[in-house]
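The values are calculated or read from the model by the stated rules, or taken from the named source; none is laboratory data. Worth saying up front: this structure is predicted, and the values here are computed from it rather than measured. Here the Cβ positions follow ideal geometry from the backbone for every residue, glycine too, while neighbour counts run over all protein chains shown. Heads up: the accessible areas ignore ligands, DNA and RNA and are worked out on the full protein's heavy atoms, side chains in. Shrake-Rupley method; radii C 1.70, N 1.55, O 1.52, S 1.80 Å.
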Amino acid sequence: MVIIGCDFHAGFQVLAIFDNRIGVKKEQRLLHPDEAVAFYRGLQGQGEPVRVGMEAGPPCQWFRRLLCECGHELWVGDAARIRAAAVGKKKTDREDAKLILQMMLEDRFPRIWVPTEEERDVRQLLLDRHHRVRARTAAKNQLQALAMNQGVQKGRRLWSEQGRQLLAALPMAEHTARRRDYLLRRVEELEQEIARMDLLVWVEVQRRPAALLLKTHPGVGPQTALATVLTLGEVSRFHSARAVSAYLGLVPSEYSSGGKQRLGHISKQGSSLMRFLLVEAGQSAVKKDPELKRAYQRMWARKGNKAVAKVMVARRLAVRLYWMLRENWTYPELVKHVGKPESSCGKR
């Protein structure tokens, strides 16, 4: 077997290579994409299995596709744990590649779960929809400001048919009116695009029984259900519900030493889109689930901060969704088995 430690960059990669048939180590630098393609295609012709290790993080879809086409095995490792294993203050591309190779040879490479190419592609659908929703919100906020400058304060009613007609008929100066007309057209275009994407999301949800399962929870829509399934992947890789919360960046950062515990804001590690969807879904779930509503009100009263209470609900919702996936429970089954999901799941 040929084992390769790869320090990957946008324009090139540095390799530390070990061939265990003859016990020879060597180093090599490849430019992207031509030299890299030729090198890995050449290994394919030798008939020996090839394993490549690299850090998670850099955008390298073409590289993953190349290795898959060549039949090579790709291991992706936790970048933070790889860096923590480095000894000394010397850091170069060569040293990074040699460290990855050494960890692979010593069977201590911190390999992580990697989604399939199809799952990555569906993630792009959710991300594209999310960006369009944000663009629509930005356009609506600008229109609200224009309306308020003309003495019109309708809030959400501004987006009804009558509200839009009123906004379009408001007398404005030349350039202000041009900007208003553009924003109105932009909002309408974005709403049509988002509606088309919602249909695509629903098709993807129907293809995944796990996503349909999560949709039974109050407040969890197709986007949140699909994003949870694609982000968590194989839930058996999480040893506890707290591990899921930490993976999503919903637990406090901690700086404790010498017997003193110091907790900060949430770590915000992991997918920012997933945290956004959980917070939004949590606010809908609060209106329909009495236990979450009571927990939200208690936290709001204790902390005097709505944002903290929203994050708490998002974390509890993430825990619930994790247990639903792990035990293959619908929402009624979750309530039946654990009573109060947010208090009981953590004891399992």
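Our Cα-only numbers for segment 1-98 put the radius of gyration and Dmax at 13.1, 39 Å. To the nearest 10 degrees, how steep is helix 117-149 against the longest Cα principal axis of the chain, on a 0 to 90 scale? Result, in degrees: 30.
Applying 1/(1 + (r/R0)^6) with R0 = 45 Å to the Cβ-Cβ distance of Arg81 and Gln162 gives a FRET efficiency near 0.20.
Counting pairwise Cα distances across the chain, what percent come out greater than 39 angstrom? Everything past 39 Å amounts to 35 percent. What is the percent carbon and sulfur in the accessible area of the chain, measuring with a 1.4 Å probe over the protein chains and ignoring ligands? Of all accessible area on the chain, carbon and sulfur atoms account for 50 percent.
Say each of Tyr255 and Ala38 gets a label point 7 Å from the Cα, pointing the same way as Cα to Cβ; how far apart are those two points in nm? Computed distance between label sites Tyr255 and Ala38 equals 5.1 nm.
Between Arg207 and Arg132, the FRET efficiency from the beta-carbon distance, with R0 = 22 Å, is close to 0.50. Charge dipole (Cα centre; +1 on Lys/Arg Cβ, -1 on Asp/Glu Cβ; no other charges) of the chain amounts to roughly 2000 debye.
In the context of the full set of protein chains, residues of the chain present 57 Å² of accessible surface per residue (probe radius 1.4 Å, heavy atoms only). Taking 0.692 mPa s as the viscosity and 37 °C as the temperature, the Stokes-Einstein diffusion coefficient of segment 45-93 based on its alpha-carbon Kirkwood radius rounds to 258 µm²/s.
With the simple spin-label model, which puts each label point 7 Å out from Cα in the Cβ direction, the Glu69 to Ala195 separation comes to 4.0 nm. Net length available on complete extension from Leu263 to Leu31 is 79.1 nm, with 0.36 nm assigned per residue and the Cα-Cα distance removed. Per the Debye formula with a single identical scatterer at each Cα and no solvent contribution, what log10 I(q)/I(0) holds for segment 231-300 at q = 0.13, 0.21, 0.22, 0.23 Å⁻¹? Reported log10 I(q)/I(0), two decimals: -0.51, -1.06, -1.10, -1.12. Volume per residue of the convex hull around the Cα atoms, evaluated for segment 238-277, comes out as 72 Å³.
Sequence-distant contacts, meaning Cα pairs under 8 Å at least 6 residues apart, place the relative contact order of the chain at 11 percent.
In a fully extended conformation the segment linking Glu188 and Lys288 would gain 33.0 nm over its present Cα-Cα distance, using 0.36 nm per residue.
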